[in-house]
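Everything below concerns the one structure shown next.
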Amino acid sequence: MLSVKRLATKGNVLHKAVAQRSYSHLNASLAHHEYSDPRHDKNVHVMHSRGVNILHDPLLSKGTAFSIAERERLSIRGLVPPRCQEMDKQLLRVKRNLDACETPLAKFVFLAALHDRNETLYYKIIMEHLEELAGIIYTPTVGLASQMSHSIYRRSRGMYFSSQDRGQMSAMVYNWPHDQVDVIVVTDGSRVLGLGDLGANGMQIPIGKLSLYVAAGGIRPRAVLPVVLDVGTNNQDLLNDPLYLGMSHPRLEGEDYYSFIDEWVTAITSRWPDTLIQFEDFKYPHAYNLLAKYRNRITCFNDDIQSTSSITLAGILASLKSRGMSQEDLSSERIICVGAGSAGVGVCEGIIDCMVAQGRVKSREEAYSKIYMLDQYGLLGNPGFHPPNNQDDPQSKQYQPRPTKLDDRQYCYVKHDLRDQMSLEELVRQVKPTVLLGLTGIRGVFSEEAVREMAKHHERPVIFPLSNPDTHAECTAEEAFKWTDGRAIFASGSPFKDVQLPNGKIGKTNQCNNSYSFPGLGLGITVSRASRVTPNMFLETARTIADMATPAQLKEGVLFPGVSQLREVALNVGTRVCEVAFQEGYATAILEQGEILSEVVRSSAYEPDYVPLVYHP
Ligand SMILES: NC(=O)c1ccc[n+]([C@@H]2O[C@H](COP(=O)([O-])OP(=O)(O)OC[C@H]3O[C@@H](n4cnc5c(N)ncnc54)[C@H](O)[C@@H]3O)[C@@H](O)[C@H]2O)c1
Ligand SMILES: O=C(O)C[C@H](O)C(=O)O
Ligand SMILES: [Mg+2]
């Protein structure tokens, strides 16, 4: 635990004289309603309006839980059934209805409707059943919901900025009813999970991510904003579908695209200068170009590149301990990463940052030599190693250079001593990797041959098929354990059940998804009001999560706390990110003398409890 005193010696922004500004950002004035204790959002809510609007406002409604006194003072007496039911009864009803839904998609639709009626109750049920419901409101069901979004559409949530809004965005941002927005998750829907271009249907992804920001990260529901940038879609099925709700033209590209994004960033930051923007599910290379353009100008990060990198690094660091080594042994790993897009390159950059920070490699170049990267054509290797095209050599006949050149970020991983486009199977034979990462979006890329070969050389092969949703994972948990005789250390992007092994033991699965990192990052950034999101924050996030599993869990191949403990993970990560923000001088919030950071973070986190509502004209 870090107290203010210690922070003051490390950071450069703490000053008692400006302590009155402390946490003023949490003391937000709200468009229509004022709260007497906005920092905690917990005491009494004072409102200037009353009547049926309160009942129909999901941020305020309590449904049947309004007390008689409240019904009287809010002028809603008679508008709800006579018996007041506390939240425990409401939860019972919600859970029964939820359990009666026959498919995950039906559960998704049911929960979305609850979200739109009563956010407090929505978050209560999500938090009480996080393990079960994260898989509904988030990955993997959110993938199917995104594909079906135009069919299951009921009510709008968040904001859409489309190609027809150019020139209007600075005015449009004022249509959002809340003056305080702490976190925005924005997508252009161009690469939704491993499902490709889903255009405006991508909205379900920011909504799902922000639900976790609230449930796990403790961000207040009224302070989150999901956004779709509808720059068109190249998904012909959607364009042909009469129910599709997005713009009916191909995607903007080039200067048109980048100037569109620029207008949006300017509009958003002019109304909410200190909001955190999470770029989500942008296709390669836009994802990288946007990050490079904005990371040093505004408070933003790319989830697929950076928070994926944190959690994957955490998984590898924890796996080192689970294999009886220390985290400092990272640079002795031989890692194969299949997938050279946003996530693949992002994850590997994070691993390299950590190797360099640990100081066991002489240079960044040496760190690159530890990681072998493949794209859809095979290894990023040396084209010169192919024999000249020769009719008698089948390998030579097959070789075609890639249609597009590797960019600088990918080129760093080229292995000049190995043949370009070598298959995964052949590479595993040559390199005998300790870790296999999958970030391709393609089911089956981890073949039985490759995994069995890897398992020949290592007692505990580390197999991470990280692509989402589950139907797009590079291999299943069942396959990984079968092909390694139950010895794999397994982590996947989407949840897989533990596997019953033939020897009676259980093959433990882990979910390695950026949902372990972004909620805590968002909490840390919000509490510290950091003006930038820095590489160190991601590195420290990884280290924090890597240290959470107990020795007994590690021994069994459990790398992270379970999904039901995401709030605990986020509080730890949030505290560490706050510390880094203060240490690096990016924090703009002020701590009162004597405040303990971990306690400030914990007490700032939203809890879904009903608060008495008071009408005051
Ligand atoms: N677990 C997580 O938290 C997490 C986070 C981010 C992304 N992902 C997943 O990673 C996947 C990729 O995301 P992205 O943003 O990097 O996408 P991307 O389109 O930028 O990259 C995909 C990469 O996979 C390569 N590829 C395609 N087919 C291949 C094949 N058959 N063999 C080898 N390589 C192949 C492509 O060449 C490309 O380099 C998605 O499924 C996404 O859901 C998971
Ligand atoms: O959304 C997820 O589940 C993780 C990640 O952001 C992805 O794009 O797959
Ligand atoms: Mg994503």
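The values are calculated or read from the model by the stated rules, or taken from the named source; none is laboratory data. Remember, predicted model here, so these are calculated numbers, not experimental data. Glycine gets a Cβ as well: all are built from the backbone with ideal geometry, and neighbour counts include every protein chain shown.
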task: Please state which one of Asp304, Asp353 is in contact with a Pro (Cβ under 8 Å, 6 or more places away or on another chain) and assigned to a helix (DSSP H, G or I).
output: Asp353
- prompt: Restricting to segment 309-347, what's the tally of residues that are out of contact with any Cys (no Cβ under 8 Å at 6 or more places or on another chain) and part of a strand (DSSP E or B)?
  reply: 2
- request: Considering each residue of segment 341-388, count those that are within 16 Å of ligand 2 (Cβ to nearest atom) and either aliphatic (A, V, I, L, M) or more than 20 Å from the chain's Cα centre (by Cα) (or both), and give that number.
  value: 3
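For segment 244-288, give me each residue that is small (Gly, Ala, Ser) and either part of a helix (DSSP H, G or I) or not assigned by TED's automatic domain parsing to the domain that holds Asn234 (or both). Please lay out each step first, then the result.
Let us first name the residues in segment 244-288 that are small (Gly, Ala, Ser), namely 246, 248, 254, 259, 267, 270, 287.
If the condition is that a residue be small (Gly, Ala, Ser) and either part of a helix (DSSP H, G or I) or not assigned by TED's automatic domain parsing to the domain that holds Asn234 (or both), then Gly254, Ser259, Ala267, Ser270, Ala287 are the ones that fit.
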task: For segment 174-210, name all the residues that are of a type in the set (S, T, N, Q) and within 16 Å of ligand 2 (Cβ to nearest atom).
output: Thr187, Ser190, Asn201, Gln204
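Is one or more of the residues making up segment 255-276 under 30 Å from Leu559 (Cα atoms) and away from ligand 1 (no atom under 11 Å from the Cβ)? Quick ask: steps written out before the conclusion?
Residues of segment 255-276 under 30 Å from Leu559 (Cα atoms): 276.
From the residues that got through so far, the ones that are away from ligand 1 (no atom under 11 Å from the Cβ) too are 276.
Taking every residue of segment 255-276 in turn, at least one turns out to be under 30 Å from Leu559 (Cα atoms) and away from ligand 1 (no atom under 11 Å from the Cβ).
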message: Criterion first (closer than 28 Å to Lys432 by Cβ, in contact with a Ser or Thr (Cβ under 7 Å, 6 or more places away or on another chain), among the hydrophobic types (A, V, I, L, M, F, W, C) and surrounded by fewer than 21 Cβ atoms within 10 Å (Cβ to Cβ)) does Val361 satisfy it?
response: yes
- request: Would you be able to tell me the number of residues in segment 356-387 that are assigned to a helix (DSSP H, G or I) and free of Cβ contacts under 8 Å to residues at least 60 places away in the same chain?
  value: 10
field: Options Asp182, Asp281: the member that is under 27 Å from Ile136 (Cα atoms) and more than 16 Å from ligand 1 (Cβ to nearest atom)
entry: Asp182
message: For segment 492-519, give me each residue that is under 25 Å from Val445 (Cβ atoms) and either among the β-branched types (Val, Ile, Thr) or touching a Pro at 6+ places or on another chain (Cβ under 6 Å) (or both).
response: Ser492, Ser494, Val499, Thr509, Gln511
field: Hits in segment 53-75 - residues which are among the aliphatic types (A, V, I, L, M) and closer than 21 Å to Pro221 by Cβ
entry: Ile54, Leu55, Leu59, Leu60, Ala65, Leu74
message: Just to be sure before I move on: is Phe110 closer than 30 Å to Gly254 by Cα, of a type in the set (Phe, Trp, Tyr) and either in contact with a strand residue (DSSP E or B) (Cβ under 6 Å, 6 or more places away or on another chain) or away from ligand 1 (no atom under 16 Å from the Cβ) (or both) in the structure I sent?
response: no
query: Is segment 315-322 home to any residue that is among the hydrophobic types (A, V, I, L, M, F, W, C), in contact with a strand residue (DSSP E or B) (Cβ under 9 Å, 6 or more places away or on another chain) and within 16 Å of ligand 1 (Cβ to nearest atom)?
result: yes
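Here are Thr541, Thr534, Thr526: which of them is crowded, with 24+ Cβ neighbours inside 10 Å, more than 16 Å from ligand 2 (Cβ to nearest atom) and among the polar types (S, T, N, Q)?
Details: Thr541 fails: more than 16 Å from ligand 2 (Cβ to nearest atom); Thr534 fails: crowded, with 24+ Cβ neighbours inside 10 Å.
Sole residue among the options that is crowded, with 24+ Cβ neighbours inside 10 Å, more than 16 Å from ligand 2 (Cβ to nearest atom) and among the polar types (S, T, N, Q): Thr526.
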Every residue from segment 183-214 that is within 16 Å of the chain's Cα centre (by Cα) and more than 16 Å from ligand 3 (Cβ to nearest atom): Val214
- line: Within segment 510-525, the count of residues that are within 13 Å of ligand 1 (Cβ to nearest atom) and in contact with a strand residue (DSSP E or B) (Cβ under 7 Å, 6 or more places away or on another chain) comes to 4
- request: From the list Val533, Val600, Val573, Val614, pick out the single residue that is in a strand (DSSP E or B) and either under 24 Å from the mean Cα position of the chain (by Cα) or not basic (Lys, Arg) (or both).
  value: Val614
- request: Check segment 155-174 and report whether any residue there is in contact with an Asp or Glu (Cβ under 8 Å, 6 or more places away or on another chain), of a type in the set (Val, Ile, Thr), crowded, with 16+ Cβ neighbours inside 10 Å and not assigned by TED's automatic domain parsing to the domain that holds Leu566.
  value: no
statement: Only one of (1) among the aliphatic types (A, V, I, L, M); (2) part of a helix (DSSP H, G or I); (3) more than 30 Å from Leu239 (Cβ to Cβ); (4) out of contact with any Leu (no Cβ under 6 Å at 6 or more places or on another chain) does not apply to Leu59, and that is (2)
Out of Glu128, Glu132, sole residue that is of a type in the set (Asp, Glu) and free of Cβ contacts under 8 Å to residues at least 12 places away in the same chain: Glu132
